Amino acid sequence: MLSCNNITKIFNKGTLNEKKALDDVTLQLNDGDFVTVIGGNGAGKSTLLNAIAGSFFVDGGTLQLDGEDITFMPEHKRARLIGRLFQDPLKGTAPDMTIEENMALAAGRGGKFSFGIGIGKAQRAYFRERLEKLGLGLENRMKNKMGLLSGGQRQAVTLLMATMSVPKLLLLDEHTAALDPATAEKVINLTKEIVEQEHITTLMITHNIHSALECGNRTIMMDDGKIILDINGDERKNMTVEALLQLFRLKSSKELDNDRMLLTK
Amino acid sequence: MGDVLSFLESSVTQGIIYSLVAIGLFISYRILDIADLTVDGSFTLGAAVSATFTINGKPLLGVFMAIISGMLAGCVTAFLQTKLKIHPIMAGILTMTGLYSINLRVMGKTPTLSLMRIDTIFTPFERLLGDKNASYLVTSVILLLLVLILVIMFFKTHLGLCVRATGNNEAMVRSSSINVDVMKFIALAIANGSVALSGAVLAQYQHSANISMGTGIVIIGLASLIIGEIIVGKKHLIQNAIAVVIGSIVYWIIIALVMRADIDVSDIKLLSALIIILSLSYPVIINKIKFFRQKATGNRLAQTKGEK
């Protein structure tokens, strides 16, 4: 489904602050894979997702999605194939537009522009049905401005929006990190539900090692721009948080320094 | 009484013509969140094009061509902003500066074009109604309604939604697979088209076009926009549209009153700037007043408690 072949990204090339954020990373995702990504601060997790989404072009290597070479495809074109959620709930939605307007934008993803009415009757009914499934009562607030919702509500709607026209790949960058624990759990469960239902290939960064092992079918660990661990199947099933931390120490010869991760251990 | 009426009539007509500038600024400043200074140039461009066509006996075509030329000017600014990555304010200033020369060329290298005793878009209604001032008002109201309906309808379409979202959250628009650059082209073209239309109609209204008539027009448009928003509100699109018109009319009534009060015409720009400063800082001032009140009551409460 997705293949990253020897991708490299160097920030501030040729200056004192030069940083190899991605160092010859090769990663293959199979159709329907739900991969969780963990790693310390500055390990290159977000850079990997940004590279795949096209926030910048990679300095070396190639990217393929569903057989199509996307290495130099601009970000907005890639967005037709890739759904994406950020850590910051404010990033995924337009605050001054209503919930239904936001959803209409997302529903248009992949399609062409139209001069037709922005939101038709049928579309509104469909949005209502989708919102009802969230169980947050948002179906009755469709004309409310997005900015009035809480972070968790916004993130839930963003998740709906990202998956409404089903993407080939879903990228989640610690999308529950800014939420309180109860809401975070809700959003994680919702994520699992949607990903499973729509059979979406997913790459999820998380700071929560529990959910890293609990969600999906495969876990990779990154350090210093490289993938240092890639587990799935039985090995992953039998993995404990302790053992995983032990492995990290062994592989990178240092302690895991993701501050948020340590807090949720 | 008749004096007051005619005074009101001309302010209202002017307000309606200038409200097209405020519509343009609403699109660039409020929807796209860019202070677009192209406006000073595209307003004059509209006037110049319109006047030139009117002299050649084609007033209506002149208005139409003015809109097209204004849209092109907007596209130039959008190109500088998006493709050449020039800062939005700088991009506007550059287009505006370049337009000065272009406007002079359009006007045949004279700084003023007179349209005295030449048929304009107002002439048909003037013949029909038999009254010059009534025709000015009716014609500009019809034009304004046309523009308002078109703009409101546009922003209700899916494409319009995309443009609105661009100013609101660019990252989100990009991840909805929408080309942000294209949206900026569209928005700036519409905005400057509207501004040029305003210049075009004004030139025919006052029977002259002047190379410097666009100077400071950004400020006038912004002042109108903000005054309107304070009076009418800005909750939804329809309210925005009404606000723009009301704001512009109020602005021109204020200006007319000032002129009557024997204030030097050359001080008008300073006055406009002051009006804008006041209206822009309005929320800050209100908050400060609230804060001081709260502080005062807080102090009083503390005092009474202390006395007990």
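Backbone phi angles across the stretch A:155-161, fed through the Karplus curve with coefficients 6.51, -1.76 and 1.60 (θ = phi - 60°), yield HN-Hα couplings of 5, 5, 5, 4, 4, 4, 5 Hz in residue order; Gly and Pro are listed as x. Whole-Hz Karplus values for the stretch B:274-282 come out as 5, 4, 5, 4, 4, 6, 6, 8, 3 Hz, taken residue by residue from phi with 6.51 cos²θ - 1.76 cosθ + 1.60 and θ = phi - 60°; glycine and proline positions read x. Residues whose amide H falls under 5 Å from that of A:F34, counting only those 5 or more places apart or on a different chain, are A:T202, A:N217, A:R218, with hydrogens built in the peptide plane. In a GNM of chain A with a 10 Å cut-off on Cα contacts, which of A:N144, A:N238, A:N208 has the highest mean-square fluctuation? Its mean-square fluctuation being the largest, the pick is A:N238.
The Cβ shell under 15 Å around A:E196 holds other residues with a net charge of -2, Lys and Arg each +1, Asp and Glu each -1.
Rg and Dmax, both from the Cα atoms of the protein assembly as shown and both in Å, are 29.3, 94. Here is how the number arises for chain B: DSSP H runs of 4 or more residues each give -39500 (n - 2.57), the sum is divided by the residue count, and the result at 222 nm is -26500 deg cm²/dmol. Projecting the alpha carbon convex hull of the stretch A:21-141 along each direction and taking the average yields 10.0 nm².
Summarising the strand pairing of the protein assembly as shown, around 60 percent of its internal DSSP beta bridges are antiparallel. In whole angstrom, how far apart do the alpha carbon centroids of the stretch B:243-308 and the stretch B:1-75 sit? The stretch B:243-308 and the stretch B:1-75 have Cα centres spaced 28 Å from each other.
Across all Cα atoms of the stretch A:138-235, the radius of gyration (one decimal) and Dmax (whole number) stand at 14.9, 48 Å.
Rounded to the nearest 20 debye, what is the charge dipole size of the stretch A:158-201 about its Cα centre when +1 sits on each Lys and Arg Cβ and -1 on each Asp and Glu Cβ?
Details: 3 positive and 7 negative charges, 27 e Å.
The calculation lands at about 140 debye.
Of the GluC sites (Glu not before Pro) found in the stretch A:1-87, those in coil by DSSP whose Cβ has at most 13 other Cβ atoms within 10 Å are A:E18. For the stretch B:268-308, the dipole from Cβ point charges (+1 on Lys and Arg, -1 on Asp and Glu) about the Cα centre works out to 160 debye, to the nearest 20.
Not counting the cut sites, what is the longest span of chain A without chymotrypsin sites (Phe, Trp or Tyr not before Pro) that DSSP labels loop and that have at most 13 other Cβ atoms within 10 Å? Longest gap between qualifying sites, sites excluded: A:116-265. Residue order for B:I254, B:I226, fewest other beta carbons within 10 angstrom first, comes to B:I254, B:I226. Across the options B:G41, B:I89, B:A66, the greatest Cα extent toward the positive end of the charge dipole of chain B (unit charges at beta carbon of Lys, Arg, Asp, Glu) belongs to B:I89. Taking only the Cα atoms of the stretch B:268-308, the ratio Rg/Rh comes out at 1.40, with Rh defined as the Kirkwood radius.
Find, among the trypsin sites (Lys or Arg not before Pro) in the stretch B:225-301, those assigned to loop by DSSP (not H, G, I, E, B) with at most 14 other beta-carbon atoms within 10 angstrom. In loop regions of the stretch B:225-301 (DSSP not H, G, I, E or B), the sparsely surrounded trypsin sites (Lys or Arg not before Pro) are B:K235. When chain A is treated as a Gaussian network with alpha carbon springs shorter than 10 Å, the biggest mean-square fluctuation among A:G108, A:G120, A:G40 belongs to A:G120.
In this rough spin-label picture, where each label sits 7 Å from Cα along the Cβ direction, the A:E185-B:F154 distance is 5.1 nm. The Rg/Rh ratio of chain B, with Rg taken over Cα atoms and Rh as the Kirkwood radius over Cα pairs, comes to 1.05. Relative intensity of chain A on a log10 scale, I(q)/I(0) at q = 0.11, 0.15 Å⁻¹, equals -0.63, -1.13, per a Debye sum over C-alpha point scatterers of equal strength in the absence of solvent. Under a Gaussian network description of chain B, with springs only between Cα atoms under 10 Å, the residue in B:S194, B:S101, B:S19 that fluctuates furthest is B:S101. For the stretch A:5-41, applying the loop criterion from DSSP together with a ceiling of 15 other beta carbons within 10 Å to the trypsin sites (Lys or Arg not before Pro) yields A:K13.
As a proxy for reagent exposure, A:S165, A:S253 were ordered by neighbouring Cβ count within 10 angstrom, fewest first; the result is A:S253, A:S165. Rounded to the nearest whole Hz, the Karplus-based 3J(HN,Hα) values (6.51 cos²θ - 1.76 cosθ + 1.60, θ = phi - 60°) of the stretch B:19-24 follow the sequence 5, 5, 5, 5, 4, x, with x at glycine and proline.
Sorted largest first, the spans of the alpha carbon positions of the stretch B:1-59 along the three principal axes are 43, 34, 14 Å.
Values quoted throughout were computed directly from the atomic coordinates according to the rules given, and no laboratory measurement underlies them. None of these values were measured; they are calculated from a predicted model. Cβ coordinates were reconstructed from backbone atoms using ideal geometry, including for glycine residues, and neighbour counts include every protein chain displayed.
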